[in-house]
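Since the structure comes first, as structure tokens, the remarks are kept for the end.
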Amino acid sequence: MNSIEKIRNDFPILGKKLNGKSLVYFDNGATTQKPNVVIDAISNYYKDYNSNIHRGVHQLSQLATQKYEDARSLVQQFVNAKQREEIIFTRGTTDSINLVAFSYGRKNLKAGDEVIITAMEHHSNIVPWQMVCEEKGAVLKIAPINIDGDLILEDLYDMLSERTKIVSLIHVSNTLGTINPVREIIHKAHENNAVVLLDAAQSIQHMPIDVIGLDCDFLTFSGHKIYGPTGTGVLFGKKALLDEMDPIQGGGDMIKEVTFSKTTYNELPHKFEAGTPNIVGVIGMAEAINYVNQLGFDFIHQQETLLLEKATSALSSIDRLKIIGNSQQKSSVVSFVIDGIHPFDIGTLLDQLGIAIRTGHHCTQPLMDFYQIPGTARASFAFYNLEKEVDLLYEGLKKSVKMLS
Ligand code: 7TS
């Protein structure tokens, strides 16, 4: 058994059959599969020490609190944050971006200020900014891309001015795979005194993230895209910024003292974690991060590059197939259209062969408008995928083209 096969045994779902065919799971951009260590951590929490955190003197509560807070320290190390208080647990990337928009944005934006996002953002990094800009009379500016799916950096830099208060951008595009040159963008934004939010939903599982090295002000990601449970996520924020921000949810755990005339807020990070959090989810996410740490990003990168290169060259050879997103700096995502065939039909036929891909606009409708297409078919790879699965995708696509033409 080679090392990939051993690794695949850690993920029970990968052994599943669909329509008598082995599952080929190429929808890792939407969510990743979970290893046994994560599944077991969830089950152990409920079997062994299920209890609420930050409030019980009893042993179970203390153990749950310890595990939950250990997870915070692990995430702190994982993204290289200076302090553990800078790590806020949320429901996911969407929740984290909304927190920044409705806390930091609402407090700091005024009429005429500008927020810059890019043309390749996921809806979760568009809509909250539209909402808060509308409320405050601020202007949302969109940094353009070229046909390969790269940001036009000169245009982005030209947009920066003393009016720019926030730059919020995707690190790696979920639809195109483009890896944006974020270090340089953050540096330029800071020269204009803008704060930068990095949406790391599609980078956290593929490459090491260093928030000190990047010098980003906020960073967001989802646990379920890094082999952890759904309903978990992280907001990293620089302490000085988080300290100045107001909570957007009130309730238990986020308070220091409550009277009917006045409430004072708890310290970071609890100020932003109102109510009983997703305790079991956070504990599961920590196991997922441990798992990724053990594999190492060198191995993950090597494996995913192999799959990306193989898929790119195989799919490019298919008649009438066009790859959308051809940046030189790409993550392991291949989005494509086939002339005359709707992406949905491709997805449905592949599904019958046991191959799971995603079709549609991938929550990036403005990006689809830019390419003047209704959607794409998208195969997104993880380290546990096999080269022979890429062969099956290629053969499945050839079959689909023949049947649907
Ligand atoms: N940002 C990016 C770059 C994403 O890819 C996604 C989810 C989100 C934000 C939102 O994450 P959530 O966990 O809060 O939902 N992207 C996808 C996708 O590409 N297919 O399904 C979900």
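The values are calculated or read from the model by the stated rules, or taken from the named source; none is laboratory data. Note that the structure is predicted; figures quoted are calculated from it, not measured. We place every Cβ from the backbone using ideal geometry, glycine too, and count neighbours over all the protein chains shown. These area figures cover heavy atoms from the full protein model, side chains too; ligands, DNA and RNA do not enter into them. Shrake-Rupley method; radii C 1.70, N 1.55, O 1.52, S 1.80 Å.
A Cβ-based charge dipole, computed about the Cα centre of the chain with Lys and Arg at +1 and Asp and Glu at -1, lands at about 880 debye.
Annotation: amide H of Gly252 within the under-5 Å range of Gly275, sequence separation 5 or more or interchain, hydrogens built in the peptide plane.
Take Arg183: with every protein chain present and a 1.4 Å probe, its accessible area is about 140 Å². Shown are His301, His270, whose ranking by accessible area with a 1.4 Å probe and every protein chain present, most to least, is His301, His270.
Simple rule: put +1 on each Lys or Arg Cβ and -1 on each Asp or Glu Cβ in region 178-323, find the dipole, and look at Ala201, Ile318, Leu295; the Cα lying farthest toward the positive end is Ile318. For region 190-205, 3J(HN,Hα) computed residue by residue from phi via the Karplus equation (6.51, -1.76, 1.60; θ = phi - 60°) reads 5, 4, 9, 6, 8, 8, 10, 9, 10, 8, 9, 4, 10, 10, 4, 8 Hz, glycine and proline entered as x.
Karplus-based coupling profile of region 259-268, in residue order and whole Hz: 10, 5, 8, 7, 10, 10, 8, 5, 7, 5, with θ = phi - 60° in 6.51 cos²θ - 1.76 cosθ + 1.60 and x standing for Gly or Pro.
Compute the distance from the alpha-carbon center of region 340-405 to that of region 102-181, in whole Å. Spelled out, the Cα-based centre of one part sits 29 Å from the other. Full extension of the segment from Tyr265 to Asp391, taken as 0.36 nm per residue of separation minus the current Cα-Cα distance, would add 39.8 nm. In region 176-303, the portion of solvent-accessible area held by carbon and sulfur atoms comes to 49 percent [1.4 Å probe, whole percent, DNA, RNA and ligands not counted]. Decide, for region 177-291, between rounded, prolate and oblate: order the square roots of the alpha carbon gyration tensor eigenvalues as a ≥ b ≥ c, take rounded if a/c falls under 1.5, and otherwise choose prolate if a/b is larger than b/c, else oblate. In terms of gyration-tensor shape, oblate. Per-residue Karplus couplings for region 306-318, computed as 6.51 cos²θ - 1.76 cosθ + 1.60 with θ equal to phi - 60°, are listed in order as 4, 5, 4, 5, 5, 5, 4, 6, 5, 5, 4, 7, 7 Hz, Gly and Pro entered as x.
Stretching Lys402 away from Ser22 to a fully extended chain increases their span by 134.5 nm, per 0.36 nm per residue minus the current alpha-carbon distance. For the chain, the per residue solvent-accessible surface stands at 43 Å², with DNA, RNA and ligands left out and a 1.4 Å probe. For the peptides 49-55, 230-236, 372-378, residues were scored by their other Cβ atoms within 10 Å and the scores averaged per peptide; the highest-first order is 230-236, 372-378, 49-55. For region 1-150, with all protein chains in place and a probe radius of 1.4 Å, 50% of the accessible heavy-atom surface sits on carbon or sulfur. When the Cα gyration tensor is reduced to axis lengths a ≥ b ≥ c, the ratio a/c is 1.5 or higher for the chain, and with a/b not above b/c it is classed as oblate. Please compute the modelled spin-label separation between Asn36 and Asn293, points set 7 Å along Cα→Cβ, answer in nm with one decimal. About 2.1 nm, to one decimal.
Amide H contacts of Val24: Ile355, Ala356, each under 5 Å away and 5 or more positions distant or on a separate chain (H built 1.01 Å from N in the peptide plane; Pro and chain starts excluded).
Counted residue by residue at 0.36 nm each, then reduced by the alpha carbon distance between them, the extension gain from Ser73 to Glu191 reaches 39.4 nm.
Remark: accessible surface ordering of Glu85, Glu121 (largest first) is Glu85, Glu121, probe radius 1.4 Å. The packing ranking, built from the mean of other Cβ atoms within 10 Å per residue, places the peptides 123-136, 164-177 in the order 164-177, 123-136, highest first. Near Asn266, the amide H atoms lying under 5 Å from its own belong to Ile255, Lys256; only residues 5 or more places off or on other chains count, and H is placed 1.01 Å from N. The accessible-area ordering, largest first, of the residues Arg106, Arg91 stands as Arg91, Arg106, per a 1.4 angstrom probe.
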